[in-house]
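Undergrad: Quick one: the structure is below, questions incoming.
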Amino acid sequence: MSRHLLAGLLLFAGAVLADPPLRFLQARLYEAPPGVETLAAYFTIENPGSADRVLRRFRSDDFARVELHETRLEDGVAHMVPVPALTVPAGGRVALAPGGLHLMLIEPKRPLRAGDHFLLEIEEADGTLHQLLLPLRRREDAGGHEHHSHHD
Ligand SMILES: [Cu+2]
């Protein structure tokens with residue numbers, strides 16, 4: 001192995017050690033109201049690293065589209081606004097939760113049954129790929145009175 005290559009590998013290992021991966025916590029999906037063919041996914045992302053991380057691509061083989069949305073209140077009416085990318089600050093965390101940021105899983109390709117798991121892929125701007133296995137929960141388990149009207 002050449003000196004040059006070895007130095008490169010050590011640099012790479014150093015970069016990996018210095019930047020621990022993002023952690024995805026409390027990931028869950030909730031059934032949409034009857035007749036609505038979308039699901040909302042929530043989780044908390046923790047960034048234990050020393051650099052901001054940007055999530056920019058979301059997909060699932062089980063859905064036609066996965067979009068990052070933010071629910072915003074305007075004149076007392078909740079609107080969902082598409083968000084192109086999500087920055088998780090160094091040493092910080094971002095929570096996707098009812099009434100705020102969420103992933104919208106649109107047009108399921110297989111039947112949605114509570115208890116089933118769905119694989120979600122999240123890609124960072126640098127190409128790092130995360131795979132989350134999300135359990136689908138019944139809407140009544142959400143415990144809220146969230147209004148999740150959808151813009152199309
Ligand atoms: Cu939405």
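Undergrad: Going residue by residue through the stretch 85-94, is there one that turns out to be surrounded by fewer than 16 Cβ atoms within 10 Å (Cβ to Cβ) and over 18 Å from residue 128 (Cβ atoms)? Before you say what the answer is, go through the steps one by one.
TA: Keep residues of the stretch 85-94 that are surrounded by fewer than 16 Cβ atoms within 10 Å (Cβ to Cβ), which gives 85, 87, 89-93.
Those still in the list that are over 18 Å from residue 128 (Cβ atoms) too: none.
No, because not a single residue in the stretch 85-94 is surrounded by fewer than 16 Cβ atoms within 10 Å (Cβ to Cβ) and over 18 Å from residue 128 (Cβ atoms).
Undergrad: Something else now. For the stretch 23-109, give me every one of the strands (runs of 3 or more DSSP E) that falls completely inside it and has 2 or more residues that are within 14 Å of the ligand (Cβ to nearest atom) and without any contact (Cβ under 8 Å) to a residue 60 or more places away in the chain.
TA: Working: elements: 23-30, 38-46, 53-59, 63-74, 77-82, 86-88, 93-95, 101-108.
So the answer is 63-74, 77-82.
Undergrad: In the stretch 52-93, what residues are among the aliphatic types (A, V, I, L, M) and either within 17 Å of the chain's Cα centre (by Cα) or at pLDDT 95 or above (or both)? Steps first, please.
TA: Of the stretch 52-93, the ones among the aliphatic types (A, V, I, L, M) are 54-55, 64, 66, 68, 73, 77-78, 80-81, 83, 85-86, 88, 90.
Matches in the stretch 52-93: 54, 55, 64, 66, 68, 80, 81, 83, 85, 86, 88, 90.
The values are calculated or read from the model by the stated rules, or taken from the named source; none is laboratory data. All figures in this text were calculated on a predicted structure; none of them were measured in a lab. Neighbour counts run over all protein chains shown; Cβ positions are idealised from the backbone, glycine included.
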